[in-house]
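Reviewing the structure listed below.
The values are calculated or read from the model by the stated rules, or taken from the named source; none is laboratory data. Keep in mind the model is a prediction, meaning the values are calculated, not measured. Every residue, glycine as well, gets a Cβ built from its backbone with ideal geometry; the counts of neighbours run over all protein chains shown. The area values use the complete protein model at the heavy-atom level, side chains included, leaving out ligands, DNA and RNA. Shrake-Rupley method; radii C 1.70, N 1.55, O 1.52, S 1.80 Å.
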Amino acid sequence: MLLGATTGGRFMTNTARPDFAALAKSLKFRTQAFINGEFVDAVGGEEFETINPATGEVITKIAECDARDVDIAVAAAKAAFEDGRWSKLAPKERKRALQRLAALVEQNSQELALIESLDNGKPVDDAIAADLPDAVETLKWHAEAIDKLYDQVSPTASDLVSLVVREPIGVVGAVIPWNFPLAILAMKVGPVLAGGNSVVIKPAEQTTLSALRFAELVAEAGIPAGVFNVVTGFGETAGQALGRHPDVDCLSFTGSTEVGRYFLKYSAESNLKRVILELGGKSPAIVMDDVDDLQPIVEQLAIGILFSQGENCSAGSRLLVHEKIKDRLLEALLEHFKTWNVGDPLVEGTRIGAVIEEKHMNRILGYIESGLKEGGRLVCGGKRVREETGGFYIEPTIFDGVNNAMTIAREEIFGPVLSVITFKTVEEAIQIANDTPYGLAASLYTNNLHVAHKVSRAIRAGTVSVNCFSEGDQSVPFGGFKQSGFGGREKSFHAHDQYTEVKTIWMQLK
Ligand code: NAP
Ligand code: MG
């Protein structure tokens, strides 16, 4: 996803950077599901462990919800929706409540960032600089929009009135991934609640803790019980139950393309609920031979593939570079990669933390293996590091000599692994860029205005950034072409449209 803050300034906070390692020891976690305004155990009484990827240690155990808990949460969300405690509240009242929530998230951002880092493995300073401001901005933006959206009166004959109005869709189920847990949660919750809907969220099993702390803040903000619910647990059980639930009116999913497909099936086999999918990517970063200063470009390329350990859906994982400047660019990139140190996520200055879990680390290492087998030339990285910590760390890795047919150029690795592919002409660059089942994002570096226009139009992707990576904020839509997305766009008024129904009302006048 595009975090606007990744290339912007640090999160404005009045307090100095605390000793996060010391703070971590005193943290108390919420570990139960949040249903109808209360923290509750799973009906079955089961729990699962959540791990700190930086150490491999168990942080705590969390309630393992299944279809029974989902039934209770959906019933609570439906009752809240139907009695209008939120859905029929005056827009300015909903606005105030969401603004209070945004303010509470902002006030608690250091704690939330720490929770995020412990649960996900990302550098806490990244969470402070990017995830938290993004979540706050999302909530604020949608809160402010609530009482500024007008419906329409259509141009009819004078004895008719025709209104085109937007109404909340009802109960929204949201199933989300582990890479930006709170930022993505806010991206769902902001427009969903702004629209007057109720929501049941299923966070990724690896990163549940920030959603539960957020739930406390939802209650503190005065958002009525039943409007916001969190069912904790696994995708195949709790996630599937939400996807198939007859009283869920819309299912908004962010995650892998593989799992996204299931939600279309769940919908088809249940109540034809609306399905919105934000999926994976294999985004190209294209560097033309007309560029002059390489330094700002290598900095952007590094952010593109290394930020968030490469666990970023819009990661620029394929570097398409004109053959004339490849050697120079690669040399500068190798030098710059050295400034991206892998380290303890809680220590100031760490730029790359741990990847989410051991299984995922091994998956990334498997891709590195395949790159070597298929003839890629490993020019840096390629190994697990900091094994002595018990955590799951991978060095920044570059493969040169890649062609677009290799596995590492086709599949989403979701790690700090960059594939370098050369091209000779603009046409060839466009052809390689589009030769992928994905279409989430792309970056283009050029000094030529004609090339900038031509290539940005020709690329089949939801976001194309010229001479930058990841410039996005709440005012612009975000989503994917092809197998990177389905059914809508996040952010901006487009997100609001996703969670509302359009109704036409005809009135014959006497
Ligand atoms: P994932 O494996 O697809 O999981 C996402 C969510 O789906 C999790 O909550 C997961 O639960 C649940 N799930 C898994 N199997 C399920 C099933 N059979 N039925 C219902 N729910 C199921 O994705 P991830 O590994 O968490 O995240 C990485 C992926 O997300 C990447 O492909 C990335 O590109 C994509 N992503 C896309 C965007 C975007 O905006 N386009 C943003 C961020 C990430 P568990 O907890 O059990 O796994
Ligand atoms: Mg975890």
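Key figures
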{"read-out": "22 Å Cα-Cα threshold exceeded, pairs from Lys122/Lys359; Lys88/Lys140; Lys140/Lys188; Lys148/Lys273; Lys326/Lys424; Lys25/Lys122", "value": "Lys148/Lys273"}
{"read-out": "Charge sum, other residues only, whose C-beta stays under 15 Å from Gln152's C-beta, Lys/Arg counted +1 and Asp/Glu -1", "value": "-1"}
{"read-out": "Exposure rank, largest accessible area first [His142, His453; 1.4 Å]", "value": "His453, His142"}
{"read-out": "Placed amide H near Ala315: partners under 5 Å, 5+ positions off or other chain", "value": "none"}
{"read-out": "Rounded to the nearest 10 Å², the accessible area of Lys273 at probe 1.4 Å", "value": "10"}
{"read-out": "Histogram of C-alpha separations across the range 249-373, 10 Å bin width, %", "value": "11, 29, 30, 20, 9, 1"}
{"read-out": "Under 11 Å, Cβ to Cβ, from Ala90 - net charge with Lys/Arg +1 and Asp/Glu -1", "value": "+3"}
{"read-out": "Heavy atoms of Glu47: accessible area, 1.4 Å probe, square angstrom to 10", "value": "100"}
{"read-out": "Environment charge of Asp327, counting only residues whose C-beta is closer than 14 Å and scoring Lys/Arg +1, Asp/Glu -1", "value": "-1"}
{"read-out": "Cleavage-rule hits, trypsin sites (Lys or Arg not before Pro), the range 106-185, DSSP coil, Cβ neighbours within 10 Å at most 14", "value": "none"}
{"read-out": "For the range 215-312, projected area of the alpha-carbon convex hull averaged over all directions, nm²", "value": "10.1"}
{"read-out": "Glu93 paired with Lys383, simple spin-label distance in nm, labels 7 Å along Cα-to-beta-carbon", "value": "6.3"}
{"read-out": "Segment Glu57-Ser256, extension gain: residue separation times 0.36 nm, minus the distance between their alpha carbons", "value": "69.0 nm"}
{"read-out": "Reference-scaled alpha-carbon Rg (2.2 N^0.38 Å with N residues) for the chain", "value": "0.98"}
{"read-out": "With every protein chain in place, the range 102-149: carbon and sulfur % of accessible area (1.4 Å)", "value": "48"}
{"read-out": "Residues of the range 187-221 with amide N under 18 Å of a point placed 7 Å along Cα→Cβ from Arg85", "value": "193-201, 215-221"}
{"read-out": "Amide hydrogen neighbours beyond the local backbone of Val275, cut-off 5 Å, H modeled", "value": "Leu251"}
{"read-out": "Ranked order, Met187, Met507 - accessible area, probe 1.4 Å, largest first", "value": "Met507, Met187"}
{"read-out": "Helix 326-337 axis, angle to the chain major axis (alpha carbon atoms, nearest 10°)", "value": "60"}
{"read-out": "Chymotrypsin sites (Phe, Trp or Tyr not before Pro) restricted to DSSP loop in the range 418-510 with at most 14 other C-beta within 10 Å", "value": "none"}
{"read-out": "Positive dipole terminus of the range 388-441, leading residue within Phe392, Gly439, Ser419 (C-beta point charges)", "value": "Gly439"}
{"read-out": "Hull shadow area, averaged, the range 291-336 [alpha-carbon convex hull, nm²]", "value": "3.3"}
{"read-out": "Translational D in µm²/s for the range 332-464 (Stokes-Einstein at 37 °C, 0.692 mPa s, Kirkwood Rh from C-alpha pairs)", "value": "199"}
{"read-out": "Nearest-10 value in Å² for the accessible area of Ser252, using the 1.4 Å probe", "value": "0"}
{"read-out": "In range of the label at Glu299: residues from the range 313-355 whose backbone nitrogen is under 17 Å from the point 7 Å along Cα→Cβ", "value": "332-341, 351"}
{"read-out": "The chain, helix-only ellipticity at 222 nm - DSSP H runs n ≥ 4, -39,500 (n - 2.57), divided by all residues, nearest 500", "value": "-11000 deg cm²/dmol"}
{"read-out": "Per residue accessible area in Å² of the range 305-451, where ligands, DNA and RNA are left out and the probe is 1.4 Å", "value": "39"}
